[in-house]
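> For reference, the structure I am asking about is given below.
The numbers here are math on the coordinates, done by the rules we state, and not lab data. All values reported here derive from a predicted model rather than from experimental measurement. Ideal geometry is used to build each Cβ from the backbone, glycine not excepted, and the neighbour counts take in all protein chains shown.
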Amino acid sequence: METLTFDDGDEMPILGLGTWKSDPGDVYNAVKVALEVGYRHIDCAPIYGNEPEVGNALSDTFSAHDIDRGDVWVTSKLWNDCHDPEHVRPALENTLNDLQLDTLDLYLVHWPVAMQHGVDYPEQPDDFVPLGELPLAETWHAMQDLKAEGLVQHIGVSNFSVQKIQSLIDETGTTPEMNQIEMHPYLQQPDMLDFAEEKGVHLTAYSPLGSMDRPEEIKADDEPNLFEDPTIQEIADQHDASAAQVLISWAIHRGTAVIPKSVTPAHIEDNLAAADLSLSNADMDAIADLDRHRRYLDGSIWTFEGSPYSKASLWDE
């Protein structure tokens, strides 16, 4: 499988299994199946509520000597309530304990949003901490310490804009190694793609299939369905592939990692086969015309009335 190479020579498989929205009870089998059919990249986060079960699947696989730990890339993330430097290492230690690992391959700041310690999701304005009080650079310095200690091999961010990454570079003198962001044909983020290439930041596309299975309360009434897009369907038919495979292959062809989620064994295997799907230049040009700058996850959960965060300040748009 194609990989993304980091400055130290470490290679991350470009296609991974996402675990957001994978319920406990399902995710153990999903991870086991994924590893059995050839995935070597698992994307996690404590806020997903399933890292202990992911850890059981990893541990059982490694204990059976089917796959070595060193062959599997594992990513996790720092949640919003642990941005204070004193909470960064304990948060990582909890994740390592849940995943039954000694180190992570990649650790990301999940959102450029800070909350009071112990708050999973905000219910009132006081649940937030403004970035003026707890700057992202302070959190980033604590992330750097984790890497220096060898507890994580690589560090990066998620849901960060070009402006926020540039600010981190300017303020700390170091560049995040990864930015994990929503990307699909309706949200192609060309400016971020160009910036990341210039600065040497790898990108991972989350919700590459449109995240139609996310909770109803964070869906809009008029959401377009990528699977039903005529251009995607036409390209899929031409290649005797599924719409999902075209969407995954499109991300890979752009040089970005991609982490589709599924708990269905047949879909997990089909998604992996997308790594072998070759799209033509004409296919890529046709998909390029689909960009709507349409976010499925627009950050509304962080920007209700009274919050110190707004959509404009979150995305810097």
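> Can you work out the FRET efficiency for the pair His65 and Glu305, with r the C-beta to C-beta distance and R0 = 51 Å, to the nearest 0.05?
0.40
> Could you give the alpha-carbon Rg of the stretch 9-118 over 2.2 N^0.38 Å, rounded to two decimals? Show your work: numbers first, answer last.
Numbers: Rg = 13.8 Å, N = 110, 2.2 N^0.38 = 13.1 Å.
Here the answer is 1.05, to two decimals.
> Also: Test of understanding: in a Gaussian network model of the chain with alpha carbons linked when under 10 Å, which of Pro190, Pro52, Pro13 would top the mean-square fluctuation ranking?
In the Gaussian network model the winner is Pro190.
> Running a GNM on the chain with Cα contacts under 10 Å, which residue among Pro208, Pro230, Pro122 ends up with the highest mean-square fluctuation?
Pro230
> Separate question: Would you grab the residues whose amide H sits under 5 Å from the one on Leu108? Only those 5+ places off in sequence or on another chain, please, with H modelled 1.01 Å from N.
For Leu108, the qualifying residues are Ser76, Lys77, Leu78, Gly156.
> While we're here: Using amide H atoms built 1.01 Å from N in the peptide plane, name the residues 5+ places from Ala114, or on other chains, whose amide H lies under 5 Å from its own.
Placed amide hydrogens put Val129 under 5 Å from Ala114.
> In addition: Putting +1 on Lys and Arg Cβ atoms and -1 on Asp and Glu Cβ atoms, find which of Met178, Pro125, Pro230 reaches farthest to the positive end of the dipole of the chain.
Most positive-ward Cα: Met178.
> Determine one quarter of the surface area of the Cα convex hull of the stretch 278-317, which equals its mean projected area, and express it in nm² to one decimal. Could you put the intermediate results ahead of the total?
Working: hull surface 16.3 nm².
Value for the stretch 278-317: 4.1 nm².
> Let me ask something else about it. Taking every pair of alpha-carbon atoms in the stretch 207-317, give the share separated by more than 26 Å as a whole percent. Intermediate results must be reported in sequence, preceding the final value.
Numbers: 1680 of 6105 pairs.
The calculated P(r) of the stretch 207-317 puts 28 percent of pairs beyond 26 Å.
> How high is the relative contact order of the chain? Use alpha-carbon pairs under 8 Å, at least six apart in sequence, and give a whole percent.
RCO, the chain: 19 percent.
> May I pose another question? Which of the lysines could a cross-linker span from Lys164 if the Cα-Cα distance has to be under 24 Å and same-chain partners fewer than 8 positions apart are dropped?
Lys77, Lys147, Lys199, Lys311
> Can you give me the distance in nm between label points at Glu197 and Glu317, each placed 7 Å from the Cα along the Cα-to-Cβ direction?
Distance between label points: 2.1 nm.
> Here's a follow-up. Near Leu96, within a Cβ-to-Cβ distance under 11 Å, what is the net charge of the other residues, with Lys and Arg +1 and Asp and Glu -1?
On the way: positive: Arg89; negative: Glu51, Glu93, Asp98, Asp102.
Combined, the nearby Lys, Arg, Asp and Glu give -3.
> Let me ask another. Under the rule of -39500 (n - 2.57) per DSSP H run of 4 or more residues, summed and divided by the residues of the chain, what mean residue ellipticity at 222 nm is obtained, to the nearest 500 deg cm²/dmol?
Values: 11 runs with 115 residues, N = 317.
One gets -11000 deg cm²/dmol as the mean residue ellipticity at 222 nm.
> Skipping prolines and chain starts, which residues have an amide H placed within reach, meaning under 5 Å, of the one on Leu4, given they are 5 or more residues away or on another chain?
Met12, Ile14
> Along the charge dipole of the stretch 161-292, Cβ charges K/R +1 and D/E -1, which of His239, Asn281, Pro265 sits furthest on the positive end?
Pro265
> Right, next: Could you work out the Kirkwood radius for the stretch 85-151, taking every pair of different alpha carbons, averaging 1/r and inverting it, reported in Å?
Details: mean 1/r = 0.0766 Å⁻¹.
It is 13.1 Å.
> I'd like the Karplus ³J(HN,Hα) series for the stretch 110-125: coefficients 6.51, -1.76, 1.60, θ = phi - 60°, whole numbers in Hz, and an x wherever there's a Gly or Pro.
Rounded to whole hertz, the list is 5, 9, x, 9, 10, 10, 4, 4, x, 9, 6, 9, x, 10, 8, x.
> Express in nm, to one decimal, how much length is gained between Val119 and Thr3 on full extension, taking 0.36 nm for each residue of separation and deducting their alpha carbon distance.
Computed gain between Val119 and Thr3 is 38.2 nm.
> In whole percent, what relative contact order does the stretch 153-296 give with Cα contacts below 8 Å and a gap of six or more residues?
On the way: 185 pairs, mean separation 37.2, N = 144.
26 percent.
> Could you go through the stretch 153-165 in sequence order and give the Karplus-derived ³J(HN,Hα) for each residue, using 6.51 cos²θ - 1.76 cosθ + 1.60 with θ = phi - 60°, rounded to whole Hz, and x for Gly and Pro?
Result, rounded to whole Hz: 8, 9, 10, x, 9, 8, 6, 9, 7, 3, 4, 5, 5.
> Which of Tyr107, Leu151, Gly49 sits closest to the plus end of the dipole of the chain, meaning its Cα is farthest towards the positive end, when Lys and Arg get +1 and Asp and Glu get -1 on the C-beta?
Leu151
> Obtain the nm distance between the two label points defined at Asp170 and Ala288 by a simple spin-label model: each point lies 7 Å from its Cα along the Cα-to-C-beta direction.
3.0 nm
> Straight-line reach from Lys261: which aspartates and glutamates have a Cα under 17 Å away, not including same-chain ones fewer than 8 places off?
Candidates past the 8-residue exclusion: Asp23, Asp26, Glu36, Asp43, Glu51, Glu53, Glu182, Asp213, Glu269, Asp270.
> Any idea what diffusion coefficient the chain gets from Stokes-Einstein, in µm²/s, Kirkwood Rh on alpha carbon pairs, 25 °C, 0.890 mPa s?
Values: Rh = 20.0 Å.
The Stokes-Einstein estimate is 123 µm²/s.
> Sticking with this one: Calculate one ³J(HN,Hα) per residue across the stretch 137-150 by plugging θ = phi - 60° into the Karplus curve 6.51 cos²θ - 1.76 cosθ + 1.60, and present them in order as whole Hz with x for glycine and proline.
Per-residue couplings from phi come out as 4, 5, 5, 5, 4, 5, 5, 4, 4, 4, 5, 4, 7, x Hz.
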